[in-house]
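Enquirer: After the structure tokens below, expect a handful of questions from me.
All of the numbers you see were taken from the coordinates with simple rules; none came from a lab. Quick caveat, the model's predicted, so the values are computed rather than measured. No Cβ is skipped: glycine too gets one built from the backbone with ideal geometry, and neighbour counts run over all protein chains shown.
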Amino acid sequence: MHLLVTGGFLMVALWLADSYLDSLSGTGSLRQYIFHPAVSDVLHRVQSIIFIVVLIIYVWRKSAQRDSIARSLDAALEELVKERNRFAGLLAGIPDAVTLQTVDLKIIYQNPSSVAAMGEHSGEYCYAAYHDRTSPCPDCALVQSFKDGQLHKLVRQNTVHGQDRCFEFLTAPLRDSSGAIVGGVESVRDITEHRRAEELLAKRLAAIESSLDGIAILDSSGLYTYLNRAHANIYGYDSADELVGKGWQDLYSVEERQRLEPLIYEGFSRSRGWRGEATGKHRDGSSFPQEVSLTMLDDGGIICVVRDTSERKRAEADIMRLNARLVHKSQILQAANRDLESFSYSLSHDLRSPLTAMYSAAQTLDDLYRPQFDEIGNTLVETILNSCEKMEALIESMLVLSRITKSDLKYQEVDLSELAQTIALELAQRNLETPVAFSCEEGLTAWCDPSLTRILLENLLGNAWKYASQKEHPEVRFGCREEEGKRWFFVGDNGIGFDQQEAEIIFKPFQRSSSATHFPGIGIGLGTAQRIVDRHAGVIRAQGEVGVGATFLFSFPDPPATS
């Protein structure tokens, strides 16, 4: 409209101006030239008006094109701003650190995650900002993307705040409308925890694969989706792949399935699991006993753990047979013990009676007729009396052994140091003519039967006292030493000692070392000591050297733990 008004005004002005000029040079008036011009003047004026009209139309079209271009440009700029805002919003919402870089690796954009993780580095070169380098990294994935125009991924270990972290770099080139690479985008993700989870998962999977038990996962339809090698082997299959996709029902007979299904369904409805015994079927059709543990997952799947109990069942059967034999042997031993008790009773009563009569007769014979006996007669009477006394001592020793074997143990904490000092005092009082230097370590205690332990120390200390008595300075000691984490109590002396080769023999009843034959005794003391230690489930051993001395060591098991 503006152009039309302007055009109209120009045409009127041109008409008036041309009329005015004609009036100045011609013979007519201005009014005549305006309203009644000559034909030649009209043609001339029409040509000028046509030119002005064409010019106006041309200018109008150009103006219209310019307005259209301006509107299109404004719309394009508005869309570009919207796209930029959408793109920036999209990158801002990505948790990974994203940067846009030029082809020479200058950072031109960082999303908030990148700024938070690495700091603001826009306008800097990435290799200088992140790695303090003067040139690109040799393994830079973005450089590779610039070279081949492809996507690239790189996993690298970096140290961040003194901690080793694992990062994944994803890079891609950016192209213009002609397809030329003008920059690149780099996304960095911290995958440290992901890697650790993968490593942990791999270890757990390795543990499952190395398990002797069969472990499997079934879907809600009862089909195998995973199973370890042991699970396949238990059923006679060489590979787990042979069972993937098959149902558990294929591994059991029809009768066993009918028995198991109600039990399993009841267990799942009550506690989302079931555990019990079943009879599986090998690939060759043979059956075997097993233990099964089933756990239902949230998605309806099932974790199944199977253990072949064939060996255990055979072992249980063997144990039952062994127990039966042990019961039979126990009955035999009980009968033997009854016989031994009868024998002990015979020793105590039946043998002692004639022995007492023999000793009394010999004593009376010695008292009444000694003056009438010659030297040989007196020797014979003394031999009879001494033999009776030895027989009495032998019977008494055998009865002691019998009581030790069948007596009940009454465990308590016993102060061995105090007990040893008491026994040593008694021995010193009985042997006043031979003073012995006795040393005892204080505070030694053990969990044992006090009565039997007293007999044990009486025998060991009595032997030490006896065999050290002939030394010029006899010594006996009681103490404790530790060897390989075990406490060993010991009784040692500096007496006659014994040959170490006889260390096993001297613990047998009525057996004595060759160096002790000139000392009184019947060889029952060490046998008694060994039986007492055996009753406590302990160990006793001997160390000796002829002419130097002997040491007897014994150990008791540790006391039971108290809660």
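Enquirer: Less than 12 Å Cβ to Cβ from residue 196, Lys/Arg counted +1 and Asp/Glu -1: what total charge do the surrounding residues give? Before the final figure, lay out the partial values.
Expert: On the way: positive: 165, 195, 203; negative: 164, 190, 193, 198, 199.
Overall, the nearby charge balance is -2.
Enquirer: Using only alpha carbon pairs under 8 Å that are at least six residues apart, calculate the relative contact order of the range 151-294 and give it in whole percent.
Expert: Values: 200 pairs, mean separation 16.8, N = 144.
RCO, the range 151-294: 12 percent.
Enquirer: Between residue 175 and residue 51, what is 0.36 nm times their sequence separation minus the Cα-Cα distance? Round to one decimal in nm. Before the final figure, lay out each step's value.
Expert: Working: separation 124, 0.36 × 124 = 44.64 nm, distance 5.03 nm.
Value of the extension gain: 39.6 nm.
Enquirer: Moving to a separate point now. If the chain between residue 120 and residue 194 were fully stretched, how many nm would it gain, using 0.36 nm times the residue separation less the Cα-Cα distance? Write out the running numbers ahead of the final one.
Expert: Details: separation 74, 0.36 × 74 = 26.64 nm, distance 2.66 nm.
Contour length minus Cα-Cα distance gives 24.0 nm.
Enquirer: On the Cα set of the range 417-467, report Rg and Dmax in Å, please.
Expert: Gyration radius and largest Cα-Cα distance of the range 417-467: 11.2, 36 Å.
Enquirer: When only C-alpha pairs under 8 Å and at least 6 residues apart count, what is the relative contact order of the range 229-306, in percent? Mind showing how you got there, number by number?
Expert: Values: 94 pairs, mean separation 18.4, N = 78.
Taking the mean separation of contacting Cα pairs over the length of the range 229-306, I get 24 percent.
Enquirer: At R0 = 30 Å, how high is the FRET efficiency between residue 151 and residue 217 if r is their beta carbon distance? Nearest 0.05 is fine.
Expert: Numbers: r = 35 Å, r/R0 = 1.15.
Using R0 = 30 Å, I get an efficiency of 0.30.
Enquirer: Please compute the alpha carbon radius of gyration of the range 440-509, then divide it by the globular-protein estimate 2.2 N^0.38 Å. Two decimals is fine.
Expert: Working: Rg = 13.6 Å, N = 70, 2.2 N^0.38 = 11.1 Å.
So the range 440-509 has a normalised radius of gyration of 1.23.
Enquirer: Around residue 110, under 13 Å between beta carbons, what's the net of Lys plus Arg minus Asp minus Glu among the other residues? Intermediate results must be reported in sequence, preceding the final value.
Expert: On the way: positive: 106; negative: 96, 120, 124, 186.
That sum, taken over residues with Cβ under 13 Å, equals -3.
Enquirer: May I pose another question? Excluding residues fewer than 8 places away in the same chain, name every one of the aspartates and glutamates whose C-alpha is closer than 13 Å to that of residue 246.
Expert: 219
Enquirer: Right, something else. Give the calculated FRET efficiency between residue 139 and residue 204 to the nearest 0.05, with a Förster radius of 35 Å applied to their Cβ-Cβ distance. The partial results should precede the final answer.
Expert: Values: r = 32 Å, r/R0 = 0.91.
Calculated transfer efficiency: 0.65.
Enquirer: To continue, here is another question. Apply 1/(1 + (r/R0)^6) to the Cβ-Cβ distance of residue 277 and residue 328, taking R0 = 30 Å, and write down the FRET efficiency to the nearest 0.05.
Expert: On the way: r = 30 Å, r/R0 = 1.00.
About 0.50, to the nearest 0.05.
Enquirer: Ok, one more. I want the local charge near residue 417. Using Cβ-Cβ distances under 14 Å, sum +1 for each Lys or Arg and -1 for each Asp or Glu among the other residues. Please report the intermediate quantities before stating the final value.
Expert: Working: positive: 454, 477, 487; negative: 413, 415, 418, 441, 442.
Once positives and negatives cancel, what remains is -2.
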